[in-house]
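Just below is one structure, and these are the notes that go with it.
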Amino acid sequence: MIIPNTGVHLGELLDHVPLAVQYVDKDGILRYMNKTAAARPAKVKREVGIDIRNCHEYPKSLEEIERIFEDFRQGRKEPHYYVTSGIRKTTMVPVFDEEDHFMGVISYSHPVGLPEPDRTF
């Protein structure tokens, strides 16, 4: 998507954010990830087009992902927050279309304890 009156693609902007940003559609297919998300170490290769269930090797993790998606399918509008293996904080925000149909999830994550920058002013 080109941001109106700028000529800048939204994906180009998100590549500058120091968070792993991803969009997963309602069927669990990864449709977008920024450079930070693509660079994260992973046991399973992450790439656009994969089913995110293939990225989670633990049954408990798969159960949580399914529960979160079901909450959103049932109309939950509030984000879900969780910590994975004590090392990453993740926020999952539901996306709905104009008719209020669940379309997918935008997620963003960062390492637990990510240092905050010093004040700049």
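Pairs linking a residue in the stretch 30-52 that is free of Cβ contacts under 8 Å to residues at least 60 places away in the same chain to a residue that is of a type in the set (F, W, Y) and surrounded by 11 or more Cβ atoms within 10 Å (Cβ to Cβ), with Cβ atoms under 8 Å and 6 or more positions apart or on different chains, are L30/Y23; Y32/Y23; M33/Y23; V48/Y32. With respect to the conditions (1) within 14 Å of Y108 (Cβ to Cβ); (2) in contact with a strand residue (DSSP E or B) (Cβ under 7 Å, 6 or more places away or on another chain); (3) aliphatic (A, V, I, L, M), V48 falls short on a single one, namely (1). Among the residues making up the stretch 12-51, those that are part of a helix (DSSP H, G or I) and either charged (D, E, K, R) or in contact with a Lys or Arg (Cβ under 9 Å, 6 or more places away or on another chain) (or both) are E12, L14, K35, A37, A38. Within the stretch 23-46, can you find the residues that are closer than 18 Å to I87 by Cα and not charged (D, E, K, R)? Matches in the stretch 23-46: T36, A37, A38, A39, P41, A42, V44.
Given the criteria at pLDDT below 90, out of contact with any helix residue (DSSP H, G or I) (no Cβ under 9 Å at 6 or more places or on another chain), assigned to a loop (DSSP other than H, G, I, E, B) and surrounded by fewer than 16 Cβ atoms within 10 Å (Cβ to Cβ), does G75 qualify? Taking the combined requirement at face value, the residue does not satisfy it.
The values are calculated or read from the model by the stated rules, or taken from the named source; none is laboratory data. Only a predicted model underlies this, so the values are computations on that prediction, with no experimental measurement involved. Because the Cβ atoms are built from the backbone with ideal geometry, glycine has one as well, and the counts that use them run over all protein chains shown.
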